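Where a number appears in this text, it was derived from the coordinates with a stated rule and is not lab data. Please read all numbers here as calculations on a predicted model, not as lab measurements. For neighbour counting, all protein chains shown are included, and Cβ atoms are generated from backbone atoms with ideal geometry for every residue, glycine included.
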Amino acid sequence: MSYVYDPPKEAPRILHADHEVLVVDKQAGLLSVPGKGPDKADCLLSRLKAIHPQVLLVHRLDTDTSGVMVYALTPHAQRHLGLQFEKRQTKKVYQARLWGEMAQKEGTVDLPLCVDWPNRPRQHVDFENGRAAQTDWRVMRHEDGTTRIRLMPLTGRSHQLRVHMAELGHPILGDPLYAEGPARDFPRLMLHAESLRFRHPDGGMHMSFNAPCPF
């Protein structure tokens, strides 16, 4: 069965805009940047360019993930924010719902990741070729045989949170790549970028932004 890209029609929800940065709440099902082919040209970046033609990419969220993203409005801001992400100076907190009830209350996953080439875009744990990946996690509560959790990635590998939770035996609900059986049978990937903290490119003041979890 082929994947049909059908992004949500609502306009981007802008959380903050000034002379250097634009902070938005990305909808689930919307690409961060254009994909391959004209059918995947519609994305958050192109929608923002219609409002702010000078907008520049800083980081990405998976198509199926919702939540807080920051874009730059000047090349200086793009460089400044890009370095913060590269040097792990930003603080990102995600909320997710997992299959099953986790026994422990908190912990850290430290498993190196790399692309699973025969099964792209899947990633997998690879102790020989993988890049270091760490995720702190803390249980919020149990809900009808599932676990609501906060995830604090210390690194920013592709699909990191999704693979790390699946490796713990508790895949994120609705994950089309890493969940199986009834764990996959949800209307969306239950992963949301709840908050983002960074230093403003003009002056260095710490700024935090939140987007309420939609599930």
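Residues in region 141-157 that are part of a loop (DSSP other than H, G, I, E, B) and without any contact (Cβ under 8 Å) to a residue 60 or more places away in the chain: ASP144, GLY145, ARG157. Scanning region 128-170 for residues that are within 19 Å of GLU86 (Cβ to Cβ) and among the basic types (Lys, Arg) turns up ARG131, ARG157. Being touching a His at 6+ places or on another chain (Cβ under 7 Å), over 19 Å from ARG162 (Cβ atoms) and either among the β-branched types (Val, Ile, Thr) or surrounded by 15 or more Cβ atoms within 10 Å (Cβ to Cβ) (or both) is the requirement here; does LEU73 meet it? Yes. Any residue at all in region 195-202 that is among the small types (Gly, Ala, Ser), in a strand (DSSP E or B) and over 19 Å from GLY107 (Cα atoms)? Yes. In region 184-203, the qualifying residues are those that are surrounded by fewer than 20 Cβ atoms within 10 Å (Cβ to Cβ) and small (Gly, Ala, Ser), and the one that is nearest to LEU73 (Cα to Cα) is GLY203. Scanning region 165-197 for residues that are of a type in the set (Ser, Thr, Tyr) and within 14 Å of the chain's Cα centre (by Cα) turns up just one, SER195.
Each row is one residue, and each column tells you yes or no for (1) of a type outside the set (D, E, K, R); (2) in contact with a His (Cβ under 8 Å, 6 or more places away or on another chain); (3) in contact (Cβ under 8 Å) with a residue 40 or more places away in the chain.
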residue	(1), (2), (3)
LYS40	no, no, no
HIS59	yes, no, yes
ASP62	no, yes, yes
ARG97	no, no, yes
ASN119	yes, no, no
GLN123	yes, yes, yes
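Mind listing just one residue for me: the one in region 126-139 that is of a type outside the set (A, V, I, L, M, F, W, C) and either in contact (Cβ under 8 Å) with a residue 12 or more places away in the chain or part of a strand (DSSP E or B) (or both) and, of those, surrounded by the most Cβ atoms within 10 Å (Cβ to Cβ)? Talk me through it step by step, then tell me what you get.
Filtering region 126-139 for residues of a type outside the set (A, V, I, L, M, F, W, C) gives 126, 128-131, 134-136, 138.
Remaining after also requiring either in contact (Cβ under 8 Å) with a residue 12 or more places away in the chain or part of a strand (DSSP E or B) (or both): 126, 129-131, 134-136, 138.
On the way: ASP126: 14, ASN129: 9, GLY130: 16, ARG131: 12, GLN134: 17, THR135: 22, ASP136: 15, ARG138: 13.
In this case the residue turns out to be THR135.
When we screen HIS170, HIS164 for residues that are out of contact with any helix residue (DSSP H, G or I) (no Cβ under 7 Å at 6 or more places or on another chain), surrounded by 16 or more Cβ atoms within 10 Å (Cβ to Cβ) and in a loop (DSSP other than H, G, I, E, B), the only hit is HIS170.
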